[in-house]
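Read-outs throughout are calculated quantities, based only on the coordinates presented, and are distinct from any laboratory measurement. Quick caveat: nothing in here was measured; it's all calculated off a predicted structure. Counting neighbours? That spans all protein chains shown, and the Cβs are built from the backbone with ideal geometry, glycine included.
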Amino acid sequence: MKTRLSSCISAAAVAAALLPWICRGADDFRAGAARLDITPPIGTPMAGFYSMRASLGVIDPLYANAIVVEQGGAKAAFVALDVAYTPRTLVVATRRLITEQTGITGERVMISATHTHSGPTLTRDSMMDEITGGQTPPVVDYMGKLPALIAKAVASANAKLAPANASVAMGREEHLSFNRRFVMKDGSYSWQGPRLSPNIARPAGPIDPDVGVWHLTSAGKKTEPLATYVNFAMHPTVMGGLKFSPDYPAYLSKRLAEYFGPDMVTFFANGCCGNINQANVQWAGQHGGATEGERVGTVLGAAVFRALPNLEPQKTFAPRVRSKMVTLQRRAFTDAEIAEARQTALRLSDPKISTPAKAKAVCILDTLAKQGVPLEVEVQAVAISGGFAIVALPGEIFVELGLALKKASPFKHTFIAELANGSIGYIPNRSAYPEGLYEVLSARCTAGSGELLVDEAVKMLKEIATPQAN
């Protein structure tokens with residue numbers, strides 16, 4: 001009897017001891033990651049030009065990289081596409097499929113573009129469709145298939161959900177990116193140089209040297225790397241040519257795979273790089289091509305490796321998500337500007353017409369075509385711990401806006417994914433508008449729009465920073 005009682009007490013004690021672990025199972029942080037090849041057929045028109053140029057080959061495959069996280073029954077999904085931008089129609093169609101296949105609702109899915117300029121043209125309901133081949137059969141066919149491919153990547157990541165650990169670090173790389181707008185010695189402003197010009201006084205703005213690293217590993221006795229999310233602000237305009245490539249993020253992925261193994265997913269989210277690229281105009285060396293792309297990706301990879309010893313384990317909670325549609329004001333143009341734009345539009349194939357002039361003409365005519373149509377964009381914020389959050393913004397955001405957002409964020413580590421959940425092109429900071437130049441000439445929204453988006457994002461971050469946010 002004593003033995004039986006003792007056994008019962010021992011069993012009860014063991015059960016009591018295990019109860020917290022048994023109950024915790026449902027609340028454990030889980031993660032899954034996957035990638036899927038989304039390279040279009042050769043011959044599909046390329047993005048990044050003011051003319052239609054068919055692709056001639058593939059240097060490296062283009063991918064949809066996906067991460068799904070879950071805790072306490074709540075999920076969030078992150079997608080990075082090796083494309084130049086995310087048309088809103090693509091985001092809406094893809095989210096619908098993701099919800100059907102995984103149950104993850106649309107506002108909890110963040111879809112961003114790496115902004116590679118060696119990707120395909122995508123249909124975007126703009127005059128650029130006519131110019132770049134966005135309505136040609138190869139692009140229409142690709143756009144019809146792309147949502148299902150992206151959803152398949154997310155579904156695969158969702159199927160791989162397993163107990164995981166999350167850690168975050170903020171590295172730095174101060175010698176890779178450059179502000180591409182300049183103040184000249186005569187007080188004027190210049191875009192992208194001129195190269196080696198003695199008349200350049202200084203860059204017109206800062207860079208963002210932050211290299212955000214979110215590292216996911218499997219939990220348990222044998223820890224395996226699942227995914228590394230890298231956030232850095234710099235245009236992927238290195239490769240050039242007419243062959244598909246993710247640009248320098250491809251080489252970043254190769255460097256991390258050499259260390260962590262080929263099964264780990266490297267996820268690259270571009271930061272606020274609207275006025276940032278890789279070209280040091282004071283250097284006579286190579287600025288583009290595959291060799292330079294590998295150098296840039298390798299240097300960025302080195303910054304990630306330097307950050308690894310500083311990874312901070314996160315005390316995760318159920319993903320907290322906020323999403324809001326924000327209405328921006330479209331720019332207004334004079335009759336003279338409109339007349340000039342119409343004349344320029346007739347000569348877009350003329351090499352004598354500068355890129356800024358072409359951009360201005362397209363912007364003006366697009367704006368006229370959409371008079372009376374609200375310029376609605378999405379701002380989104382996701383937090384997985386009290387120290388880490390990611391913000392999604394819908395365009396090519398000037399670096400000054402990203403720096404201001406990070407400074408105002410209540411989170412220790414704030415990543416920003418631009419060209420996410422839609423894209424309206426360049427979004428400069430207010431003070432850049434009087435300076436003009438390419439990005440301002442092609443901006444669809446009025447001065448102050450970027451600051452409005454930052455304010456909305458900061459409000460969201462403050463909401464999800466509180467324990468009551470769920």
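Quick notes on this structure:
- Exposure proxy ranking, count of Cβ atoms within 10 Å, fewest first, for His287, His413, His115: His287, His413, His115
- For Val373, net neighbour charge (Lys/Arg +1, Asp/Glu -1) across residues whose Cβ lies under 14 Å away: +2
- For the chain, a simple Cβ point-charge model (Lys and Arg +1, Asp and Glu -1, everything else neutral) yields a dipole of about 980 debye relative to the Cα centre.
- Ascending count of other beta-carbon atoms within 10 Å, so fewest first, for Thr291, Thr355: Thr291, Thr355
- Estimated 222 nm signal from helices in the chain, with DSSP H stretches of n ≥ 4 weighted -39500 (n - 2.57), rounded to 500: -10500 deg cm²/dmol
- For the stretch 315-355 versus the stretch 26-88, the spacing of their alpha-carbon centroids is 23 Å.
- Placing a pseudo-label 7 Å from each Cα along the Cα-to-Cβ vector at Asp28 and Gln282 gives an inter-label distance of 5.3 nm.
- Counting neighbouring Cβ atoms within 10 Å and putting the fewest first, the residues Trp214, Trp191 line up as Trp191, Trp214.
- Residue-count net charge about Gln468 - beta-carbon cut-off 14 Å; Lys, Arg +1, Asp, Glu -1: +2
- The modelled label-to-label distance for the pair Val183/Glu340, using points 7 Å beyond Cα in the direction of Cβ, is 2.5 nm.
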